[in-house]
Amino acid sequence: MTTAVTRELSGELRGFREVQRLAYECAEAVSARLEPGMTERDAARLQRSWLRARGVSDWFHLPFAWFGDRTAFTNFRVPLQFFPTGRRLEPGMPFILDMAPVHKGFTADIGYSGSLGGNPVQARLMADLEAHRELLLREVRERRPLREIYEDVDRLMVRQGYANRHRAYPFGVIAHKVDRVAERPWSPRLFGFGTQSLKGLASDALHGHRDGWSPLWSPYRFSDHPRTRACGRSNRISDSGAPAPSSRRSWSSPTPRTPNRAPSGWTTICRTCGAGRRTSDA
């Protein structure tokens with residue numbers, strides 16, 4: 001019995017890793033094609049086309065792209081402002097590619113940051129991520145309440161000189177649970193989100209409210225619990241090194257893959273911890 005369960009979990013972890021790697025491969029391929037004058041909508045379209053050509057037909061959410069000060073969600077007040085716009089990419093401008101494909105029934109949600117030109121400020125952001133990764137893994141393994149870990153992440157980024165731009169997200173989430181999704185010939189969407197994934201998240205939120213856990217990792221009381229088998233075992237920070245999920249659920253927290261750089265004068269965001277910095281302050 002134990003062997004069968006272990007084999008099932010290993011297969012599921014492999015499925016989550018494969019779709020996460022596919023998403024990062026897409027981000028790397030699309031970032032290499034970005035040029036001055038391209039819009040956020042162009043970048044989102046490239047992500048969709050690349051993934052569809054490799055068998056993706058369903059989504060947790062359709063791909064996003066943010067350029068310039070929109071990488072830090074500047075003046076975002078309503079959810080519709082997160083969707084890609086006609087903002088054009090310029091030399092030296094930072095960008096974020098964000099996608100959440102479902103492939104072979106497994107879901108990933110990743111973010112990839114870079115810039116069209118180099119600047120040491122983003123290099124510093126990327127270097128400072130290491131402390132966040134160590135903190136997250138250590139405290140998740142210690143079974144600290146997720147809300148408490150969120151507060152520790154906040155304190156760490158303040159010491160580093162950053163601000164938490166993930167608080168601009170709905171519910172201020174730093175991560176959320178992803179799950180298996182049944183493969184179907186037709187996958188409807190609602191406001192850019194796959195209805196199957198939304199239904200699963202809503203069901204988790206309902207059951208979690210009843211049982212004392214939440215599928216969202218936020219600074220609020222509903223995240224004041226340690227990881228559980230129901231809400232997912234780990235915050236999946238990268239393809240390797242993080243604890244494996246103990247069930248079909250896994251935590252998804254977008255992570256930059258390479259030490260790309262941002263230009264002077266722009267606000268940039270760290271896509272693992274949500275830290276943001278005005279590069280002119282460096």
Exercise. Here are some residues: Ala23, Ala27, Ala65, Ala43. Which one is small (Gly, Ala, Ser), open to solvent by less than 10 Å² (accessible area, probe 1.4 Å) and part of a strand (DSSP E or B)?
Worked result: Ala65
Exercise. With (1) open to solvent by less than 40 Å² (accessible area, probe 1.4 Å); (2) outside any helix (DSSP H, G or I); (3) not hydroxyl-bearing (Ser, Thr, Tyr) as the list, and Arg77 as the residue in question, which single condition is left unmet?
Worked result: (1)
Seminar exercise, completed: Result of the Cβ filter at 7 Å on the range 45-60, keeping first residues that are within 26 Å of Lys177 (Cβ to Cβ) and partners that are modelled with pLDDT of 95 or more and among the β-branched types (Val, Ile, Thr), at least 6 apart or interchain, is Gln47/Val30; Trp50/Val30
For this session: Select from the range 110-143 the residues that are surrounded by fewer than 19 Cβ atoms within 10 Å (Cβ to Cβ) and not in a helix (DSSP H, G or I) and list them in ascending order.
Result: Gly117, Gly118, Glu142, Arg143
For this session: Could you list all residues from the range 46-57 that are open to solvent by less than 50 Å² (accessible area, probe 1.4 Å), over 22 Å from Met93 (Cβ atoms) and assigned to a helix (DSSP H, G or I)?
Result: Leu51
For this session: Could you identify the single residue in Arg155, Arg147, Arg133, Arg138 that is in contact with a Pro (Cβ under 7 Å, 6 or more places away or on another chain) and of a type outside the set (Gly, Ala, Ser)?
Result: Arg147
For this session: Would you check which residues across the range 153-162 are open to solvent by 20 Å² or more (accessible area, probe 1.4 Å) and closer than 13 Å to Ile174 by Cα and list them?
Result: Asp154
Exercise. For the range 91-109, which residues satisfy the criterion of being touching a strand residue (DSSP E or B) at 6+ places or on another chain (Cβ under 8 Å) and part of a loop (DSSP other than H, G, I, E, B)?
Worked result: Gly92, Met93, Ala108, Asp109
For this session: Go through the range 121-148 and count every residue that is touching a residue at least 60 places away in the same chain (Cβ under 8 Å) and under 19 Å from the mean Cα position of the chain (by Cα).
Result: 13
Seminar exercise, completed: All-but-one check, Asp69 against (1) closer than 15 Å to Arg41 by Cα; (2) in contact with a Ser or Thr (Cβ under 9 Å, 6 or more places away or on another chain), failing number (1)
For this session: Among residues belonging to the range 85-109 that are within 20 Å of His61 (Cα to Cα) and over 16 Å from the mean Cα position of the chain (by Cα), point out the one that is least open to solvent (accessible area, probe 1.4 Å).
Result: Gly105
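The values are calculated or read from the model by the stated rules, or taken from the named source; none is laboratory data. Since the model is a prediction, treat every value here as computed from it, not as a measurement. A quick note on method: Cβ atoms are made from the backbone with ideal geometry, for glycine too, and the neighbour counts reach across all protein chains shown. Just the protein is used for accessible areas: all its heavy atoms, side chains included, with ligands, DNA and RNA removed. Shrake-Rupley method; radii C 1.70, N 1.55, O 1.52, S 1.80 Å.
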